[in-house]
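The values are calculated or read from the model by the stated rules, or taken from the named source; none is laboratory data. Quick caveat, the model's predicted, so the values are computed rather than measured. Positions of Cβ are backbone-derived with ideal geometry, glycine not excepted, and every protein chain shown enters the neighbour counts.
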Amino acid sequence: MLLMAGVSFALSQTLVIPALPEIGDHLDASATATSWLLTAFLLSASIATPIVGKLGDIHGKGRVLTVVLLVFAAGAVVCALGRTIEVVIAGRVLQGVAGGVFPLAFGIVRDTFPRERMPAGLGMVSAIFGIGGGIGLSLSGVIADNLDTSWLFWINLIALPAALAAYLLIPPLPAGRRPRIDWAGAALLSAALAAILLGVSEADDWGWGSPANLGLILGGVALTVVFIRVEARTADPLIDLRSCAGRRSRRRTSPRSWSASRCSRASS
């Protein structure tokens, strides 16, 4: 089930890339407008990934994964039936929500797999994202040459069986205290990621040194700094930066602690 969910999202990332010219011709859209099929998807995925992961902690990873895959499938239908580039871009924004499959899949493996099988499970989930992307690049040409371009999106409906399996097989979150979602942090991180990614994506058209491009990238970096400061003062942060710092500090201090204990034993 997790592998099928991962394949669905991985395919959607790369299937449209080789077929962008054919999609543009089919929709009578310019190359610049057609490129937004990829840009809009990446922007949506980058924003959705941390938020969906947090929602999984609050409402249960299986239920949230089901909703995410249903939204992804709905986006595929919108793209397949769309007759204008604007409609298809909107469908790609919906599909990008499935970027949350990444943290949800890893969290489900951590929560449900036996400890001895956890490394293998994490490895398989990680590998399928890369393998699915590679398959998508090859499959795109076959579909574009032999079928209608709408099949580049219809194929994403393989997410529906995974959505049903996630709902039926993954147990709901047990009762107890649940963290709140940090909407201020989510807004800051979303704006920062969107600004940086949009600046990088449009750099070739706008120019790396253009005011618009520099403004987006530098603004995104500034928002990232603000996000880090806000998260450090939040009780239930979107991303627990303090735990990451704690792990690094423990790794740095452990050799000293070991040396100090060894000296103590030697002197005694």
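If Ser190 passes every condition in (1) among the hydroxyl-bearing types (Ser, Thr, Tyr); (2) not assigned by TED's automatic domain parsing to the domain that holds Thr66; (3) not in a helix (DSSP H, G or I) but one, which one does it miss?
Of (1) among the hydroxyl-bearing types (Ser, Thr, Tyr); (2) not assigned by TED's automatic domain parsing to the domain that holds Thr66; (3) not in a helix (DSSP H, G or I), only one is false for Ser190: (3).
When you check Ser264 against the structure, is it at pLDDT below 50, in a helix (DSSP H, G or I) and not β-branched (Val, Ile, Thr), yes or no?
On the way: at pLDDT below 50: yes; in a helix (DSSP H, G or I): yes; not β-branched (Val, Ile, Thr): yes.
The answer is yes for Ser264.
Please specify each residue of region 103-149 satisfying the condition of being among the hydroxyl-bearing types (Ser, Thr, Tyr) and assigned to a helix (DSSP H, G or I). Give the steps one after another, and end with the answer.
To start, the set of residues in region 103-149 that are among the hydroxyl-bearing types (Ser, Thr, Tyr) comprises 112, 126, 138, 140, 149.
Thr112, Ser126, Ser138, Ser140, listed by residue number.
Scan region 199-242 for residues that are under 30 Å from Thr32 (Cβ atoms) and not in a helix (DSSP H, G or I) and jot them down. Give the steps one after another, and end with the answer.
First, the residues of region 199-242 that are under 30 Å from Thr32 (Cβ atoms): 199-224.
If the condition is that a residue be under 30 Å from Thr32 (Cβ atoms) and not in a helix (DSSP H, G or I), then Glu202, Gly207, Trp208, Gly209, Ser210 are the ones that fit.
Checking Asn146 against (1) over 14 Å from Gln13 (Cβ atoms); (2) in contact with a helix residue (DSSP H, G or I) (Cβ under 8 Å, 6 or more places away or on another chain), only one condition comes out false. Which one?
Result: Asn146 fails condition (2) only.
Has region 116-135 got at least one residue that is buried (at least 20 other Cβ atoms within 10 Å of the Cβ), among the small types (Gly, Ala, Ser) and in contact (Cβ under 8 Å) with a residue 40 or more places away in the chain?
Yes: region 116-135 contains one or more residues that are buried (at least 20 other Cβ atoms within 10 Å of the Cβ), among the small types (Gly, Ala, Ser) and in contact (Cβ under 8 Å) with a residue 40 or more places away in the chain.
Please name all residue pairs, on different chains or six or more residues apart, with Cβ atoms under 9 Å, provided the first residue is in region 78-95 and is over 16 Å from Ile155 (Cβ atoms) and the second residue is of a type in the set (D, E, K, R) and in a loop (DSSP other than H, G, I, E, B).
Thr84/Asp28; Ile85/Asp28
State whether the residues of region 131-153 include one that is of a type in the set (D, E, K, R) and closer than 19 Å to Met1 by Cα. Spell out how you get there, then give the answer.
Step one: of region 131-153, the residues of a type in the set (D, E, K, R) are 145, 148.
With closer than 19 Å to Met1 by Cα added as a condition, the list becomes none.
No, the conditions are met nowhere in region 131-153.
Could you please give the count of residues in region 36-57 that are in contact (Cβ under 8 Å) with a residue 60 or more places away in the chain and among the small types (Gly, Ala, Ser)?
Here the count works out to 1.
Which of the helices (runs of 4 or more DSSP H) found entirely inside region 1-99 contain at least 1 residues meeting this: surrounded by 20 or more Cβ atoms within 10 Å (Cβ to Cβ) and under 14 Å from the mean Cα position of the chain (by Cα)?
Details: elements: 2-14, 20-27, 31-59, 61-81, 85-96.
Correct list: 2-14, 31-59, 61-81, 85-96.
Answer with yes or no whether Leu168 is assigned by TED's automatic domain parsing to the domain that holds Thr49, assigned to a helix (DSSP H, G or I) and exposed (fewer than 12 other Cβ atoms within 10 Å of the Cβ).
Working: assigned by TED's automatic domain parsing to the domain that holds Thr49: yes; assigned to a helix (DSSP H, G or I): yes; exposed (fewer than 12 other Cβ atoms within 10 Å of the Cβ): yes.
Here the answer is yes, as Leu168 does meet what is asked.
Which of the numbered conditions does Val200 fail, given that it passes all the others? Conditions: (1) of a type in the set (Val, Ile, Thr); (2) closer than 21 Å to Thr66 by Cβ; (3) under 18 Å from the mean Cα position of the chain (by Cα).
It is condition (2) that Val200 fails.
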